[in-house]
Amino acid sequence: MSGAHLVTAELSVSDYAQLRSLAEYLRLASPGMQVTRSPGRPGRGEQGALDVLIIAADSSVLVAAIKVLPEFLRFRAKGLSVTVTVKDKKLIVTGDNPEEVTAIVDRFLDT
């Protein structure tokens, strides 16, 4: 990744118990990607926030990582979603919309 333009994304899950599984899945799916767990930032009027995953990778690796999210969700409980935030833009990925994810990830990341 040296010399590449790094993009940072924040991932959160609707079921906090799945955060560790998602981190492990992403590390296996994209070995060159840096995945770290970080304390979440509370929103206005909130007293706290749950941890999130931070991904730092070049844009092509990040696109590939987001495109595997539907596969991760496919074998989880219905209703689980992953929210991806890049540059204050949010994309919510659910197990119900895998074909939509593949179609919009490139536009979402402006690649």
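The values are calculated or read from the model by the stated rules, or taken from the named source; none is laboratory data. Nothing here was measured: the structure is a model prediction, and the numbers come from that model. Using ideal geometry, Cβ is built from the backbone for each residue, glycine included, and neighbour counts are taken over all protein chains shown.
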Subject >> Residue among Val61, Val105 that alone is modelled with pLDDT under 80 and either crowded, with 16+ Cβ neighbours inside 10 Å or outside any helix (DSSP H, G or I) (or both) >> reply: Val105
Subject >> Residue list for the range 82-99, filter: surrounded by 12 or more Cβ atoms within 10 Å (Cβ to Cβ) and modelled with pLDDT under 65 >> reply: Asn97, Pro98
**OP:** Only residues that are part of a strand (DSSP E or B), in contact (Cβ under 8 Å) with a residue 40 or more places away in the chain and not acidic (Asp, Glu): list them for the range 10-36, please.
**Re:** Leu11, Ser12, Val13
**OP:** Considering only the range 37-58, state which residues are in a strand (DSSP E or B) and either over 18 Å from Asp15 (Cα atoms) or out of contact with any strand residue (DSSP E or B) (no Cβ under 7 Å at 6 or more places or on another chain) (or both).
**Re:** Ile55, Ala56, Ala57, Asp58
**OP:** Give me a count of the residues in the range 29-56 that are more than 17 Å from Val93 (Cβ to Cβ) and at pLDDT below 90.
**Re:** 16
Original post:
Picking from Thr83, Thr36, which residue would you name as being over 20 Å from His5 (Cβ atoms), out of contact with any His (no Cβ under 6 Å at 6 or more places or on another chain) and β-branched (Val, Ile, Thr)?
Top reply: Thr83
Original post:
For residues in the range 2-28 being under 17 Å from Leu91 (Cβ atoms) and among the aliphatic types (A, V, I, L, M), which is modelled with the lowest pLDDT?
Top reply: Val7
